[in-house]
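The values are calculated or read from the model by the stated rules, or taken from the named source; none is laboratory data. Only a predicted model underlies this, so the values are computations on that prediction, with no experimental measurement involved. With ideal geometry, Cβ positions are generated from the backbone for all residues, glycine too; neighbour counts draw on all protein chains shown.
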Amino acid sequence: MTESGTQAGTWRDLLGGRNLGTSTVLAGGVLLYATNEFLTISLLPSAVAEIGGQRFYAWVTTVYLVASVVAATTVSALVTRLGPRGAYLAAAAAFGVGSVMCALAPSMEVLLGGRVVQGGAGGLLAGLGYAVINSALPQQLWTRASALVSAMWGVGTVVGPGAGGLFAQFGSWRWAFGALVILTVAIAALVPIALPARSGGTQRDGTWNIPIRSLLLLGGAAMAVSAAGIPDDVRVSAALLAAGALLVALFLWVDRRPGASVLPPSAFGPGPLKWIYLTLGLLMAATMADMYVPLFGQRLAHLMPVAAGFLGVALSVGWTVSEIASASVSRTRATARIVAVAPLVMAAGLVLAAISQVVAVWVVALFVAGCGIGMAWPHLSAWAMGDVTESDEGGVAAAAINTVQLMCGAFGAGLAGLVVNLNGHSDAGAARWMFGLFAALAAVTGIASYRASRGRR
């Protein structure tokens with residue numbers, strides 16, 4: 001077991017010299033994934049107007065998410081077999097192909113196919129952003145590197161809607177996907193000089209060790225949870241959420257058995273790793289309160305669509321700012337206290353959003369909520385990579401961060417949809433109940449964060 005709170009490197013070390021290319025590649029892959037998610041949402045009305053297929057509107061996002069979760073389970077196996085460089089190039093190539101399919105799509109069916117390819121490749125890129133940190137960078141830079149990579153989710157939330165809106169405004173939604181292809185090629189060009197060809201434990205034989213059973217269970221769970229927000233019948237939505245929860249429970253039972261797995265064996269032992277993953281997952285689920293903010297901004301505050309779309313950016317800004325600041329803290333006791341209190345900060349912000357219907361207050365509340373998750377995320381990510389009982393588990397532990405993040409994000413989105421559907425006739429009531437529920441979830445997360453940090457105080 002290693003301790004991440006000592007001898008932390010500086011931002012200059014991470015963003016300068018030979019580490020600049022590595023940081024650019026790892027952050028760029030996550031940025032591509034996050035930007036694409038929000039970019040496509042902004043483009044969909046224009047795409048549907050041209051190629052039709054409105055009945056598949058929601059599935060443009062659903063298939064992307066499901067493919068991402070499934071692909072994320074293979075990250076560790078891909079790195080082990082191909083090495084960091086080969087794995088990243090393969091993922092980038094697939095993402096480029098998927099983007100070309102979307103750009104040239106003559107029908108919604110082809111667009112959905114492109115989104116599946118994009119989602120799978122994007123899930124790999126996002127997972128590699130964490131999985132490669134511990135093999136491409138020295139340990140003293142893990143916390144800051146995790147903060148940089150994670151901050152790209154916030155940047156994507158800002159860039160995606162804005163860029164998508166501009167392309168849609170000028171009737172050029174296909175060129176938005178073309179721009180993604182260009183960015184993918186630019187990032188891929190850096191890979192040969194930025195990432196190592198091999199890492200410790202890389203196999204050169206034909207063994208892939210892909211966790212098939214875990215993959216199928218998580219894929220089924222993601223499909224069930226993603227579909228939960230689509231039906232108008234609340235009972236159907238609740239049943240889908242319950243099915244997703246059952247499949248996740250089966251996944252945990254299967255994954256702890258010897259053999260290929262998504263989570264490292266240390267996650268099922270007596271150490272803090274399981275609490276670290278649980279904290280990461282619950283915090284990510286709670287951020288899905290941001291999902292319906294643009295809708296409420298339009299209906300309750302009568303904001304223009306563009307203004308309402310950027311209302312939810314406050315959470316991402318808080319996440320990014322606090323993450324960068326928190327990553328600079330290196331003292332072990334200080335980081336432990338920060339992680340322990342972070343969920344309560346997030347809960348306080350969501351409570352403020354729940355009790356107010358004033359847009360200006362929402363901006364402050366969401367910023368505070370974002371600060372809560374940003375405070376904890378870089379330290380939790382670094383702990384996950386270091387708190388393993390066996391040194392060869394580090395790659396699996398790092399790759400699992402993204403899988404946990406994506407899966408719990410899917411659950412959070414499904415839960416938000418269920419709450420809003422239950423209060424479909426009252427936007428004000430839906431907003432209060434949704435923010436209140438996620439505030440309670442964040443507060444409960446404080447138990448997990450305390451357990452995750454207990455041994456470090």
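Just one of the numbered conditions (1) assigned to a helix (DSSP H, G or I); (2) out of contact with any Lys or Arg (no Cβ under 9 Å at 6 or more places or on another chain) is not true of Val388; which one? Looking at each condition in turn, Val388 falls short on (1). Residue count for region 416-430 satisfying the condition of being in contact (Cβ under 8 Å) with a residue 60 or more places away in the chain and in contact with a Leu (Cβ under 7 Å, 6 or more places away or on another chain): 3. The combined condition, being farther than 22 Å from Ala145 by Cα, buried (at least 19 other Cβ atoms within 10 Å of the Cβ) and modelled with pLDDT of 90 or more, is fulfilled by Gly349. The residues on offer are Met304, Met291, and the sole one that is closer than 15 Å to Gly409 by Cα, at pLDDT below 80, out of contact with any Asp or Glu (no Cβ under 6 Å at 6 or more places or on another chain) and surrounded by fewer than 22 Cβ atoms within 10 Å (Cβ to Cβ) is Met291. Scanning region 359-377 turns up one or more residues that are in contact with a Pro (Cβ under 9 Å, 6 or more places away or on another chain), within 17 Å of Lys274 (Cα to Cα) and assigned to a helix (DSSP H, G or I).
Note on region 1-97: enclosed helices (runs of 4 or more DSSP H) holding 1 or more residues that are closer than 29 Å to Ala452 by Cβ, outside the structural domain of Ala227 (by TED's automatic domain parsing) and at pLDDT 90 or above are 19-51. The set of residues from region 277-318 being of a type in the set (S, T, N, Q) and more than 17 Å from Ala342 (Cβ to Cβ) comprises just one member, Gln298.
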